[in-house]
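Data first, discussion second: the structure below is written as structure tokens.
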Amino acid sequence: MASKALFFFALLSFSAVSLRPAFAKNEEDPGLVMNFYKDSCPQAEDIIQEQVKLLYKRHKNTAFSWLRNIFHDCAVQSCDASLLLDSTRRTLSEKETDRSFGLRNFRYLDTIKEAVERECPGVVSCSDILVLSARDGIVALGGPYIPLRTGRRDGRKSRAEVVEQYLPDHNESISVVLERFADMGIDTPGVVALLGAHSVGRTHCVKLVHRLYPEVDPVLNPNHVEHMLYKCPDPIPDPKAVQYVRNDRGTPMKLDNNYYRNILDNKGLLTVDHKLATDKRTKPYVKKMAKSQDYFFKQFAKAITLLSENNPLTGTNGEIRKQCNVANRLH
């Protein structure tokens with residue numbers, strides 16, 4: 001009996017030793033934490049916030065870009081600024097794929113990076129700049145301030161070949177959209193809230209004409225169709241032409257819950273907007289967010305936080321790029 005007791009005690013001791021590393025804090029890799037740069041670059045977040053404010057004052061459309069960036073980067077395998085990398089002779093950039101159509105203003109992220117580099121060379125990652133600029137851009141658009149952790153490092157390659165596996169298209173079924181986000185831990189109200197980003201910005205006509213030509217989609221609000229046809233008069237628009245419809249004609253520069261009222265009134269521009277307002281899994285949350293902006297903001301903040309923490313590179317993984325559009329080994 002004594003020998004069995006000793007064996008059981010030894011087994012417990014071995015298990016405790018074996019499991020300890022999984023729970024012990026790794027001083028070399030603290031992961032994502034609040035104010036990661038408080039010692040290495042205390043002014044980092046203030047500089048980013050200041051630059052966002054300055055750039056927004058000069059070019060208000062930048063805020064839409066920052067908001068799209070966090071989705072297009074973080075949803076594709078890892079929140080590691082792979083979106084910002086330029087194409088090389090061997091690798092196509094994520095930002096040049098069809099799913100990234102309309103993404104722009106990357107040069108302003110370079111402006112922010114340059115400002116941070118002047119203060120703290122080689123310290124702050126492009127992936128943290130991408131995430132924090134989105135956070136501050138959301139505030140510029142009238143949205144909530146979302147405390148986000150930092151400590152990300154930058155990936156070394158773009159992943160154009162897998163973009164379509166991770167980013168749902170505007171014509172996808174709600175089932176596919178929910179599944180893609182669920183893989184990142186974002187639940188149904190979180191998905192509905194994230195799509196509330198369609199409250200701001202614009203949609204290019206190339207994404208809309210299939211709902212207008214050769215016949216108008218009968219589910220569209222007739223009062224809205226007239227405006228859409230006026231803004232998109234060509235059945236086959238030139239993708240390089242600046243032809244678009246504002247996502248929300250009422251408050252086009254404000255992140256608010258007007259989007260949900262619009263889609264309940266059949267004024268959603270994209271097919272996914274209409275599906276969101278009619279699918280039995282998402283419609284209850286659309287109605288709830290249409291009634292309460294506080295609820296929308298609460299779910300939006302939660303979803304953005306989860307998105308920003310999707311499989312980041314931390315510790316000694318990845319690198320701190322010198323320039324956001326080029327991996328260091330190619331610099």
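The values are calculated or read from the model by the stated rules, or taken from the named source; none is laboratory data. Because the structure is a prediction, the values reported are computed rather than measured. Note that each Cβ is placed from the backbone with ideal geometry, even for glycine, and that neighbours are counted across all protein chains shown. Note: areas computed on protein heavy atoms with side chains; ligands, DNA, RNA excluded. Shrake-Rupley method; radii C 1.70, N 1.55, O 1.52, S 1.80 Å.
Key figures for this structure:
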read-out: For the chain, built as a Gaussian network whose Cα springs stay under 10 Å, the top-fluctuating residue of E309, E226, E94; value: E226
read-out: 222 nm mean residue ellipticity, helices alone, for the chain (DSSP H n ≥ 4; -39,500 (n - 2.57); rounded to 500); value: -14000 deg cm²/dmol
read-out: Cα-based Rg and Dmax for region 170-261, where Dmax is the largest Cα-Cα distance (Å); value: 14.7, 41
read-out: Area projected by the alpha carbon convex hull of region 43-198, averaged over all directions, nm²; value: 9.4 nm²
read-out: Magnitude of the charge dipole, region 222-331, Cβ model with Lys/Arg +1 and Asp/Glu -1, debye to 20; value: 320 debye
read-out: Among N61, N223, N311, residue whose mean-square fluctuation peaks in a GNM of the chain (springs only between Cα atoms under 10 Å); value: N223
read-out: Cα convex hull volume per residue for region 142-219 (Å³); value: 175 Å³
read-out: Within straight-line cross-link reach of K207, lysines at Cα separation under 18 Å, skipping those fewer than 8 residues along the same chain; value: K95, K231, K240, K267, K275
read-out: Accessible area per residue, Å², region 62-212 with all protein chains present, probe 1.4 Å; value: 35 Å²
read-out: Among N266, Y213, Q243 the positive-end extreme of the charge dipole of region 209-331 (Cβ point charges); value: N266
read-out: Long pairs among K60/K287; K254/K298; K60/K291; K53/K254; K38/K60; K38/K298, criterion Cα-Cα beyond 18 Å; value: K60/K287; K60/K291; K38/K60; K38/K298
read-out: Accessible-area composition of the chain, carbon plus sulfur, in percent [1.4 Å probe]; value: 53 percent
read-out: Mean separation of Cα contacts under 8 Å, 6 or more apart, over the residue count of the chain: relative contact order %; value: 25 percent
read-out: q = 0.10, 0.15, 0.16 Å⁻¹: log10 I(q)/I(0) that the Debye formula gives for the chain, counting C-alpha atoms only; value: -0.62, -1.26, -1.40
read-out: Rg(Cα)/(2.2 N^0.38 Å) for region 226-270, N = residue count; value: 1.29
read-out: Whole-percent pair-distance distribution, where bins are 10 Å wide, for the alpha carbons of region 78-119; value: 24, 48, 25, 3
read-out: Pairs of alpha carbons in region 239-316 whose separation is greater than 19 Å (percent); value: 49 percent
read-out: Area of L132 that stays accessible when all protein chains are in place (1.4 Å probe, Å², to 10); value: 0 Å²
read-out: Per-selection Rg to Rh, region 147-192 - Cα, Kirkwood hydrodynamic radius; value: 1.05
read-out: At most 16 other Cβ within 10 Å, DSSP loop - trypsin sites (Lys or Arg not before Pro), region 279-331; value: K280, R281, K322
read-out: Mean-position separation - Cα centroids, region 166-235 and region 67-82, in angstrom; value: 20 Å
